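Enquirer: Can you keep this structure in mind? I'll have questions shortly.
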Amino acid sequence: AQKVTQAQTEISVVEKEDVTLDCVYETRDTTYYLFWYKQPPSGELVFLIRRNSFDEQNEISGRYSWNFQKSTSSFNFTITASQVVDSAVYFCALLTDSNYQLIWGAGTKLIIKP
Amino acid sequence: DSGVTQTPKHLITATGQRVTLRCSPRSGDLSVYWYQQSLDQGLQFLIQYYNGEERAKGNILERFSAQQFPDLHSELNLSSLELGDSALYFCASSVTSGGWDTQYFGPGTRLTVL
């Protein structure tokens, strides 16, 4: 079975704090892809990053960084020096070559207080 | 702006009615995906089309149908609407149909069934 778990339903921090959003996935496929999407209050889904199962290199993009660990089946997302504009629901998703559909986590609602 | 367009943005209708949601993929993208986002079910994959042909099917009800036209735009038809069909419907597109390809999402159509 394929599954994505985002155990944190809601996180609230004060602006400028660092925050990590957890994502744990399950799949028996050896080739798979992991994604993070952001859904701001306006409702659209914004693509943030894609990671392939054969590339465990962590990635940093500005204040955003992602930690992919196959040993723990995790793909965590860290926002450094959070800003109010980061407030949104963040979704982790999994896609495998045997199943073209995105399997979504339940999402983590991130609230950044000024 | 992802380049994927969806119309209408909002739709309010009554139970038993039929509606059509429209999606235009990004220029050059051959694959179109439909997802439903509801409060109780979260984000769920409905169906995928690639270059006019159905490629994969998810949790799509028999009352729902979709198609992709020669110009690659897609329509999702929802009939005999029930209160539980109220949701945000997203269309996404990608260049190919493979898992290695990122899906970019449109702004969504919010359907309210009264």
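The values are calculated or read from the model by the stated rules, or taken from the named source; none is laboratory data. The structure displayed is predicted, hence computed values, not measured ones. Neighbour counts run over all protein chains shown; Cβ positions are idealised from the backbone, glycine included.
Enquirer: Out of region A:29-47, which residues are more than 8 Å from chain B (Cβ to nearest Cβ) and either surrounded by 16 or more Cβ atoms within 10 Å (Cβ to Cβ) or under 15 Å from B:Ser93 (Cα atoms) (or both)?
Expert: If the condition is that a residue be more than 8 Å from chain B (Cβ to nearest Cβ) and either surrounded by 16 or more Cβ atoms within 10 Å (Cβ to Cβ) or under 15 Å from B:Ser93 (Cα atoms) (or both), then A:Leu34, A:Trp36, A:Lys38, A:Gln39 are the ones that fit.
Enquirer: Separate question: Among the residues of region A:72-79, is there at least one that is closer than 24 Å to B:Gln48 by Cβ and in a strand (DSSP E or B)?
Expert: Yes - at least one qualifying residue is present in region A:72-79.
Enquirer: Going through B:Gln37, B:Gln41 one at a time, which residue ends up being within 14 Å of chain A (Cβ to nearest Cβ), surrounded by 14 or more Cβ atoms within 10 Å (Cβ to Cβ) and out of contact with any Lys or Arg (no Cβ under 7 Å at 6 or more places or on another chain)?
Expert: B:Gln37
Enquirer: Consider A:Thr20 carefully, then state whether it is at pLDDT below 95, more than 18 Å from B:Gln44 (Cα to Cα) and in contact with a Phe, Trp or Tyr (Cβ under 9 Å, 6 or more places away or on another chain).
Expert: In short, no.
Enquirer: Looking for something surrounded by fewer than 16 Cβ atoms within 10 Å (Cβ to Cβ) and over 26 Å from B:Leu88 (Cβ atoms) - is there at least one such residue anywhere in region A:77-87?
Expert: yes
Enquirer: May I pose another question? In this structure, is B:Ala92 over 20 Å from A:Gln39 (Cα atoms), within 9 Å of chain A (Cβ to nearest Cβ) and of a type in the set (Gly, Ala, Ser)?
Expert: Spelling it out, it is not the case that B:Ala92 is over 20 Å from A:Gln39 (Cα atoms), within 9 Å of chain A (Cβ to nearest Cβ) and of a type in the set (Gly, Ala, Ser).
Enquirer: Looking only at region B:51-80, how many residues end up being among the basic types (Lys, Arg) and away from every other protein chain (no Cβ under 14 Å)?
Expert: Final tally of qualifying residues: 1.
Enquirer: Let me ask something additional. In region B:78-95, is there at least one residue being at pLDDT 95 or above, in contact with a Gly (Cβ under 7 Å, 6 or more places away or on another chain) and of a type in the set (Phe, Trp, Tyr)?
Expert: For region B:78-95, residues at pLDDT 95 or above, in contact with a Gly (Cβ under 7 Å, 6 or more places away or on another chain) and of a type in the set (Phe, Trp, Tyr): present.
Enquirer: Scan region B:55-114 residue by residue and report those that are over 11 Å from the mean Cα position of the chain (by Cα) and of a type in the set (Gly, Ala, Ser).
Expert: Passing the criteria: B:Ala56, B:Gly58, B:Ser79, B:Ser80, B:Gly84, B:Ser86, B:Ala87, B:Ser94, B:Ser97, B:Gly98, B:Gly99.
Enquirer: Give the residues of region A:1-46 that are part of a strand (DSSP E or B), farther than 20 Å from B:Leu39 by Cβ and either within 10 Å of the chain's Cα centre (by Cα) or of a type in the set (Val, Ile, Thr) (or both), sorted by residue number.
Expert: Across region A:1-46, the qualifying residues are A:Val13, A:Val14, A:Val19, A:Thr20, A:Leu21, A:Val24, A:Leu34, A:Phe35, A:Trp36, A:Val46.
Enquirer: Considering only residues that are within 19 Å of B:Asp29 (Cα to Cα) and either part of a loop (DSSP other than H, G, I, E, B) or of a type in the set (A, V, I, L, M, F, W, C) (or both), which ones fall in region B:54-82?
Expert: Within region B:54-82, B:Ala56, B:Ala66, B:Phe69, B:Pro70, B:Asp71, B:Leu72, B:His73, B:Leu76 qualify.
Enquirer: Still on this structure, please answer the following. Would you mind finding the one in A:Glu56, A:Glu26 that is of a type in the set (Asp, Glu), out of contact with any His (no Cβ under 8 Å at 6 or more places or on another chain) and modelled with pLDDT of 95 or more?
Expert: A:Glu26
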